[in-house]
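The values are calculated or read from the model by the stated rules, or taken from the named source; none is laboratory data. In this text the structure is predicted, and so the values were computed from the model without any measurement. Cβ placement follows ideal geometry from the backbone for every residue including glycine, while neighbour counts extend to all protein chains displayed.
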Amino acid sequence: MTSPDKRNNKTDKSASDKKAGNPARKSPGGYGNEGSKGNEFDPSPWATSGSTKIKEGEKILLEITQHPFKRKWYISVLVILLILILSALSYTIIPNPLMPVFVLIFFIVSMTSFFLPSLYTFTEEKIVINRIIYCKAYPWTRFRSYRTDKNGVYLSPISDSERFDRFRGIFMVMDKDSRKKALPILEEYIGEIPGEKEKVNR
């Protein structure tokens, strides 16, 4: 059991902290915004900047346009054929004339980053992703880590870069040259992740 003296000491300490105006402890994390730009981590998994417009005086650090559908035509042809075949096969599972249509729409919507061009704008305050049919902005305070692979960059609100959370993170499709351009900005605003620079430069 905790003695009365110890309980009183804890109470006195917390009261003195409040009087002194000491700030609340920040949420723990390995990498991230907590020290890079003086921004506190935003714990909300759906945090957005509220506006996709670039404010007057807001510095644009980098703009990258990616369109995987136009990059390699033979891959695009194979993807389209595969989607059409799977859509047709869905009718054999559920014999409804609308079933192939639903499957086709599902694939197109889930692969918008492949079929539609994406414009990534990096500013001092946020990242703006524009894919024609929608535009979203994410503040730097949302992200704690990132991970790169041959297809692009994954930004995560979790400090552990090895954990993949597709519902709270975002994936930006990028080729190798674009990843090299984006990496210094990610290191400055999110933090340097061990091993990522080597992966990008391979």
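Since residue 182 meets every condition but one in (1) under 14 Å from the mean Cα position of the chain (by Cα); (2) outside any helix (DSSP H, G or I), which condition does it not meet? Every condition holds for residue 182 apart from (2).
Kindly indicate which of 104, 186 is out of contact with any Lys or Arg (no Cβ under 8 Å at 6 or more places or on another chain) and more than 30 Å from residue 80 (Cβ to Cβ). Before you say what the answer is, go through the steps one by one.
Details: 104 fails: more than 30 Å from residue 80 (Cβ to Cβ).
Step by step, each of 104, 186 is checked, and only 186 is out of contact with any Lys or Arg (no Cβ under 8 Å at 6 or more places or on another chain) and more than 30 Å from residue 80 (Cβ to Cβ).
Identify, please: which residue in region 189-201 is in a helix (DSSP H, G or I) and out of contact with any Leu (no Cβ under 9 Å at 6 or more places or on another chain) and is, among those, farthest from residue 147 (Cα to Cα)? Checked region 189-201; the qualifying residue farthest from residue 147 (Cα to Cα) is 198.
The numbered conditions (1) in a strand (DSSP E or B); (2) free of Cβ contacts under 8 Å to residues at least 60 places away in the same chain; (3) polar (S, T, N, Q); (4) surrounded by 13 or more Cβ atoms within 10 Å (Cβ to Cβ) are all true for residue 121 except (2).
Give region 53-69 a look and list any residue that's within 17 Å of residue 150 (Cα to Cα) and exposed (fewer than 14 other Cβ atoms within 10 Å of the Cβ), or say none. So that I can check it myself, show each step before the final result.
Here is the first cut: in region 53-69, the ones within 17 Å of residue 150 (Cα to Cα) are 64-69.
Scanning region 53-69 gives a single hit, 65.
It is to be established whether one or more residues within region 142-152 are in contact (Cβ under 8 Å) with a residue 40 or more places away in the chain, among the polar types (S, T, N, Q) and part of a helix (DSSP H, G or I). The answer is no; no qualifying residue exists.
Among residues of region 126-146 being buried (at least 20 other Cβ atoms within 10 Å of the Cβ) and of a type outside the set (A, V, I, L, M, F, W, C), the one that is farthest from residue 174 (Cα to Cα) is 141. What do you reckon, is residue 81 modelled with pLDDT of 95 or more and either in a helix (DSSP H, G or I) or of a type in the set (Asp, Glu) (or both)? Spelling it out, residue 81 is indeed modelled with pLDDT of 95 or more and either in a helix (DSSP H, G or I) or of a type in the set (Asp, Glu) (or both).
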